[in-house]
Amino acid sequence: MQNNYLTHISLPALSAAPHREQELAILFLDVRNFTGLMESQPEQYVIQIVRRLFTAFNQIIKNFSGKIVETGGDSLYAVFGLQDTLRDAVNNAYQATLAMFKTVNLFNDSYTANDDNAPLEMGAGLHAGRVFIDEFALEGSPQLAVMGLPVNIAARLQAKTKELDNDLLISEYAYQFLGQQQLAAGQQAVALQGITQHLQVRLAGSPYHKGLFLEEAELEMDYLLAISG
């Protein structure tokens, strides 16, 4: 029975190539400690917070000429530069990231003001590089798809923020485009899962609050790998 079913499955024909190839700035971010929030607040309240935060994130990304490619749970993946130079794309991505950190901080100012709840945290990885851009859909309207090694690297940078205890990692390649916005960010060579060569990165953020993330890395990596292709 199973073999008869399989004989009727046909794969769609492969197209000649993705729609286009282009250098983009790629941003992965993840908002953390929603588990602690759900322990002290009703789930419906937490869902509303997630919705409000990500609605704000989406508007910030659009304001800086970026586009969200994928969201899942408390994570998102966005690209910048679809209509800009790579230098403008990286600078826009960086400014959007700072604005999203500020949004989380503003939430924490009111959320943690009158109780002992742990603050929400955000980790972000920013990279740039040449990727394949296409549109496809399993159902409904076609959606933007961006694939390539730079996407995988950006995803792994975001995951690496926990290990390095720094909530914003920028690849050296992306960092060079920041120009006057460059910070006095420490430089470090890091090993990323699945990437053969060590990558030079800039530790451009701040340390996390202690004790929030102990055993999350492997679960989060599964998600990052799934959406980064």
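Read the figures in this text as sums done on the coordinates, not as results from a lab. Being a predicted model, the structure only gives us computed values, none of them experimental. Reconstructed Cβ throughout: ideal geometry from the backbone, glycine too, with neighbour counts over all protein chains shown.
In order along region 168-177, phi translates into HN-Hα couplings of 9, 10, 10, 5, 4, 4, 6, 4, 5, 8 Hz, rounded to whole numbers, per the Karplus curve 6.51 cos²θ - 1.76 cosθ + 1.60 with θ = phi - 60° and x for Gly and Pro. Distance between the 7 Å Cα→Cβ label points at Leu149 and Arg130: 1.1 nm.
All other residues whose Cβ lies under 15 angstrom from that of Ala174 are scored, Lys and Arg at +1 and Asp and Glu at -1, for a net of +1.
Sorted on the mean count of surrounding Cβ atoms within 10 Å across their residues, most packed first, peptides 56-69, 195-208, 74-87, 160-173 read 160-173, 74-87, 56-69, 195-208.
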